[in-house]
2 protein chains.
Amino acid sequence: MPNPPGAPSVTPSPTPSTPSTTPSTGAGRRREDVLDALGHRIVAGDLPPGTVLTLEGVDATYGVSRSVSREAVQVLGAMGLVTSRRRVGITVSERAAWNVFDPRLIRWRLDGAERDAQLRSLSELRAGFEPAAAALAAQRATAEQAARMASAVSDMTVHARARDLDAYLAADQVFHTTMLAASGNEMYAALADVVGEVLAGRTHHHLMPADPNPDAIEWHAEVARAVRRGEPAAAEDAMRRIITEAQEAQQTLAEQAGPGDR
Amino acid sequence: MPNPPGAPSVTPSPTPSTPSTTPSTGAGRRREDVLDALGHRIVAGDLPPGTVLTLEGVDATYGVSRSVSREAVQVLGAMGLVTSRRRVGITVSERAAWNVFDPRLIRWRLDGAERDAQLRSLSELRAGFEPAAAALAAQRATAEQAARMASAVSDMTVHARARDLDAYLAADQVFHTTMLAASGNEMYAALADVVGEVLAGRTHHHLMPADPNPDAIEWHAEVARAVRRGEPAAAEDAMRRIITEAQEAQQTLAEQAGPGDR
DNA sequence: CTCCTCGCAAAGATCAGATTTATTCGCGTA
DNA sequence: TACGCGAATAAATCTGATCTTTGCGAGGAG
């Protein structure tokens with residue numbers, strides 16, 4: 001009986017629950033909206049691990065059909081944020097099960113209260129792998145990549161002199177992104193966004209001196225030179241110095257700003 | 001030719017491509033099946049970047065309903081493997097857009113022809129971050145974690161003496177997994193599976209001497225000691241030696257096995 | 001002949017309802 | 001107390017319809 005005889009399908013309420021919260025979206029973005037909303041809530045701890053939802057609850061909450069909530073939950077499942085079982089519902093997973101390298105998850109955490117903790121994690125991660133990536137880049141960079149790195153250093157010098165921190169940041173990001181791409185390892189290359197976030201976070205949190213340390217710029221230049229000449233050890237050393245300097249400068253400024261800064 | 005025009009939905013073959021791999025499951029795994037199948041095909045290059053599919057084609061190919069294929073495509077999209085646009089269809093993305101840290105993607109690549117390349121990538125990655133993780137572990141490991149690492153080293157010694165490579169591998173994995181967890185950084189911890197795969201790949205590819213190098217074991221012990229005593233520099237150095245040794249042993253054995261080994 | 005606008009159609013996005021299937025939980029029986 | 005058995009529940013799947021974009025071509029203006 002796929003055809004209900006007497007019921008003429010009145011289409012009760014076309015816009016039931018989206019009176020004010022959907023002003024600008026308006027387009028076919030429902031799934032993305034639900035996904036973002038659920039992701040943010042889980043990451044923020046609003047839905048702590050162990051919380052159980054039901055699909056019915058989700059689509060009631062967000063006023064969407066089951067297809068939409070289902071697909072959103074599906075993606076959350078793929079990121080390890082939830083698991084769903086029959087007769088139980090959708091359970092928020094322990095943090096250990098999360099795919100912490102998923103760019104979307106990283107963005108959610110950077111958006112929320114976890115921002116500082118996430119930046120610390122990313123920063124530590126970067127400290128670990130970037131020297132190694134520099135060494136690889138020195139062995140594998142193309143001439144174009146080496147040139148682009150040198151050019152980025154040049155930009156950094158100019159913008160530092162002008163005290164234009166935003167432009168400096170942009171050049172810095174180009175430098176690191178190019179270096180990671182030049183490493184020839186797709187996985188290092190994929191971490192470019194991570195490094196970009198760390199650099200951006202440092203600048204926007206004012207954990208960066210108004211006058212960028214000339215030594216730091218010189219070390220960037222050293223990395224670029226080492227990459228061009230194909231000297232892995234030199235590139236790795238200089239990159240390590242860059243990171244050490246960044247950590248120390250950051251710590252100094254954090255202490256100056258206030259010990260109880262949180 | 002993903003578009004057979006004249007063939008409507010006749011429900012062609014109930015066992016299209018997974019006749020043997022789903023013997024016990026047999027239930028509620030259609031989406032996972034389609035996802036795996038598509039993922040493998042994309043990763044294997046059977047569906048190269050730029051290929052355009054349609055949802056209709058997908059569910060016709062795998063004999064499932066739109067919901068299922070839709071959700072599978074959704075997850076693929078979340079991993080960056082495909083993008084879908086109206087009026088166009090589902091386009092396989094360039095490799096640069098892939099989330100190469102997604103465990104599922106890593107598994108697909110390890111399953112296919114990319115296995116060696118993927119192992120090389122992972123190996124380089126590991127070489128980069130594991131010394132840094134060891135240094136962090138030396139600062140943050142709990143007594144239990146340090147003890148577990150020491151215990152794993154002890155197991156490694158025993159199994160090496162017995163020339164039981166599988167048991168040796170298991171102990172090795174416990175050692176590294178514990179160390180990464182002890183680093184206190186969730187992102188390093190999340191890479192435990194990656195390291196596990198690298199170690200397993202080395203063993204199963206016979207890139208590991210039948211008699212594990214006693215020096216390597218001693219360096220593991222050194223890491224464990226340094227972690228227990230809280231000596232980051234010592235832990236980092238020893239870990240770096242472990243990795244260097246592994247790379248050299250691997251290269252030596254690969255050359256012995258055959259220079260043209262691919 | 002070129003360029004721009006408008007409309008059609010293709011394909012995903014969303015919705016709504018039904019059906020299937022696997023679990024869990026409670027209850028009755030041995 | 002233990003062991004099944006059945007009912008209820010919630011996800012998984014299927015189905016068919018409708019909505020919304022958007023690529024592309026037809027047709028008109030310059």
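Taking the label point 7 Å from Cα in the Cβ direction, how far apart in nm is B:D46 from each other copy of itself, listed shortest first?
Here the equivalent label points are 4.2 nm apart from this one.
Given labels modelled 7 Å from the Cα in the Cβ direction, how far is it in nm from B:E218 to A:E144?
Those two pseudo-labels are separated by 4.9 nm.
Got a sec to turn the phi values of segment A:144-152 into Karplus ³J(HN,Hα) couplings, 6.51 cos²θ - 1.76 cosθ + 1.60 with θ = phi - 60°, whole Hz, x for Gly and Pro?
4, 5, 4, 5, 5, 5, 4, 5, 5
A:V88 label points, 7 Å along Cα→Cβ, one per copy: pairwise distances from this copy to the rest in nm, shortest first?
3.9
State the percentage of accessible surface on the protein assembly as shown attributable to carbon and sulfur atoms; use a 1.4 Å probe and exclude ligands, DNA and RNA.
Solvent-exposed carbon and sulfur of the protein assembly as shown make up 51 percent of the total.
Please name whichever of A:M149, B:A72, B:A117 sits farthest to the positive end of the charge dipole of the protein assembly as shown, dipole taken about the Cα centre and charges placed at Cβ: Lys and Arg +1, Asp and Glu -1.
Working it through, the farthest residue towards the positive pole turns out to be B:A72.
Could you tell me which residue out of A:I90, A:A60, A:H40 lies farthest along the dipole of segment A:30-97 toward its positive end? Charges go on the beta carbon: Lys and Arg +1, Asp and Glu -1, centred on the Cα centre.
Checked the options; the winner is A:I90.
Between A:T61 and A:H206, take the C-beta separation as r, use R0 = 45 Å, and let me know the FRET efficiency to the nearest 0.05.
Calculated value: 0.75.
Ranked from the most accessible area to the least, with a 1.4 Å probe and all protein chains present, what is the order of B:E94, B:E130, A:E197?
Order by accessible area, largest first: B:E94, A:E197, B:E130.
Determine the order of A:T61, B:T157, B:T178 by accessible area, beginning with the largest, at a probe radius of 1.4 Å.
Heavy-atom accessible area, descending, gives A:T61, B:T157, B:T178.
If DNA, RNA and ligands are ignored and the probe is 1.4 Å, what is the ranking of A:H206, B:H40, B:H176 by accessible area, most exposed first?
A:H206, B:H40, B:H176
Quick one: Karplus J couplings for segment B:215-226, per residue in order, coefficients 6.51, -1.76, 1.60, θ = phi - 60°, nearest Hz, x for Gly and Pro?
4, 4, 5, 4, 5, 4, 4, 5, 4, 4, 4, 4
Using +1 on the beta carbon of Lys and Arg, -1 on that of Asp and Glu, and nothing else charged, what's the dipole of chain A about the Cα centre, debye to 20?
Charge dipole of chain A: 1020 debye, to the nearest 20.
Compute the relative contact order of chain B as a whole-number percentage, counting only Cα pairs closer than 8 Å that sit 6 or more residues apart in sequence.
Computed value for chain B: 16 percent relative contact order.
Percent relative contact order of segment A:207-262, based on C-alpha pairs within less than 8 angstrom and at least six residues apart? Don't skip to the end; give the middle numbers.
Values: 35 pairs, mean separation 23.5, N = 56.
Relative contact order, segment A:207-262: 42 percent.
Would you calculate a helix-derived [θ] at 222 nm for chain B, using -39,500 (n - 2.57) for each DSSP H run of n ≥ 4 and dividing by the full residue count, to the nearest 500?
That calculation yields -21000 deg cm²/dmol at 222 nm.
Output the relative contact order of segment B:115-256, whole-number percent, from Cα pairs under 8 angstrom with separation of 6+ residues.
Relative contact order, segment B:115-256: 35 percent.
What is the magnitude of the charge dipole of segment B:115-256 about its Cα centre, with +1 placed on the Cβ of each Lys and Arg, -1 on the Cβ of each Asp and Glu, and no other charges, expressed in debye to the nearest 20? If you can, show how the numbers build up before the last one.
Working: 13 positive and 21 negative charges, 52 e Å.
That gives segment B:115-256 a dipole magnitude of about 260 debye.
I'd like the accessible area for A:L125: 1.4 Å probe, protein heavy atoms, all chains in place, Å² to the nearest 10.
Answer for A:L125: close to 0 Å² accessible.
Can you tell me the dipole magnitude for segment B:30-97 around its Cα centre, using point charges on the Cβ only (Lys, Arg +1; Asp, Glu -1), in Debye to the nearest 20? The partial results should precede the final answer.
On the way: 9 positive and 8 negative charges, 61 e Å.
It comes to approximately 300 debye.
Checking buried surface per residue: for segment A:104-129, which residues lose a minimum of 40 Å² accessible area in the protein assembly relative to the chain alone (1.4 Å probe)?
SASA drop of 40 Å² or more in segment A:104-129: A:S121, A:E124, A:L125, A:G128.
So the label point sits 7 Å from Cα along the Cα-to-Cβ vector; using that for B:R66, what distances do you get to the other copies, in nanometres, sorted shortest first?
Those separations, rounded to one decimal, come out as 1.5 nm.
Calculate, for the protein assembly as shown, the solvent-accessible area per residue in square angstrom, rolling a 1.4 angstrom probe over the heavy atoms of the protein chains.
For the protein assembly as shown, the per-residue accessible area is 51 Å².
For A:L53, list long-range residues whose amide hydrogen, built 1.01 Å from N in the peptide plane, is under 5 Å from its own amide hydrogen.
A:I90, A:T91, A:V92
The values are calculated or read from the model by the stated rules, or taken from the named source; none is laboratory data. Bear in mind that the values here come from a model prediction, so they are computed numbers and not experimental data. For neighbour counting, all protein chains shown are included, and Cβ atoms are generated from backbone atoms with ideal geometry for every residue, glycine included. These area figures cover heavy atoms from the full protein model, side chains too; ligands, DNA and RNA do not enter into them. Shrake-Rupley method; radii C 1.70, N 1.55, O 1.52, S 1.80 Å.
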